[in-house]
Amino acid sequence: MENERKNKIEYHREGDYYLTNLVLVEQKKIKLNKYGCLRLEYLKNHKKTEYTILFMDNKLTEHLEEVQEIVTKRVEEIMKSLKEQSNLTEEMKNTDHLYWVGMMNNFKNQAEEIVLKELIYV
């Protein structure tokens, strides 16, 4: 009996129309980083159905949190791997600082390009 009441949709009349009584549930607020914001924008602009389903099921913030956590870890892993492959050392940071910073920026750009295609824009 309680299940029937739970699934029953209630309406109210406005003029000649019956509108559903929808109430938004307060969602947990999170601070989105760069990757969370990119994922949110992608969902809003290119995956509207998925965005709406996540929003209506109250799972959007959970999804964005999960994506930004996974992406952040993956970027760090890729950067570490690229750094090891190039034999870039911490000693170079002190001896040739501009070269070291340039290489690290290069690694970050490569890692982000990979991750954006793998996890954000899917």
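Screening Lys93 with (1) in contact (Cβ under 8 Å) with a residue 24 or more places away in the chain; (2) in contact with a helix residue (DSSP H, G or I) (Cβ under 7 Å, 6 or more places away or on another chain) gives one miss only, at (1).
Cβ-Cβ distances below 7 Å connect the following pairs, each with a first residue in the stretch 98-117 that is among the hydroxyl-bearing types (Ser, Thr, Tyr), a second residue that is assigned to a helix (DSSP H, G or I), and a separation of six or more residues or different chains: Tyr99/Met92.
Identify the residue in the stretch 20-70 that is exposed (fewer than 10 other Cβ atoms within 10 Å of the Cβ) and basic (Lys, Arg) and, among all such residues, is farthest from Ile9 (Cα to Cα).
Per the criteria, the residue is Lys31.
Residues that are within 19 Å of Lys34 (Cβ to Cβ) and either at pLDDT below 90 or not charged (D, E, K, R) (or both) within the stretch 55-81 comprise Leu60, Thr61, His63, Leu64, Val67, Gln68, Ile70, Val71, Thr72, Val75, Ile78, Met79, listed in sequence order.
Scanning the stretch 77-122 for residues that are aliphatic (A, V, I, L, M) and not in a helix (DSSP H, G or I) turns up Leu88, Val122. The selection criterion, being touching a Leu at 6+ places or on another chain (Cβ under 8 Å), among the β-branched types (Val, Ile, Thr) and under 25 Å from Lys29 (Cα atoms), holds for Ile70.
Restricting the stretch 43-60 to residues that are of a type in the set (A, V, I, L, M, F, W, C) and within 15 Å of the chain's Cα centre (by Cα) leaves a set whose member that is farthest from Leu22 (Cα to Cα) is Leu43.
The values are calculated or read from the model by the stated rules, or taken from the named source; none is laboratory data. Given the structure is predicted, the values throughout are model-derived calculations rather than measurements. Heads up, the Cβs are rebuilt from the backbone with ideal geometry, glycines too, and the neighbour counts pull from every protein chain shown.
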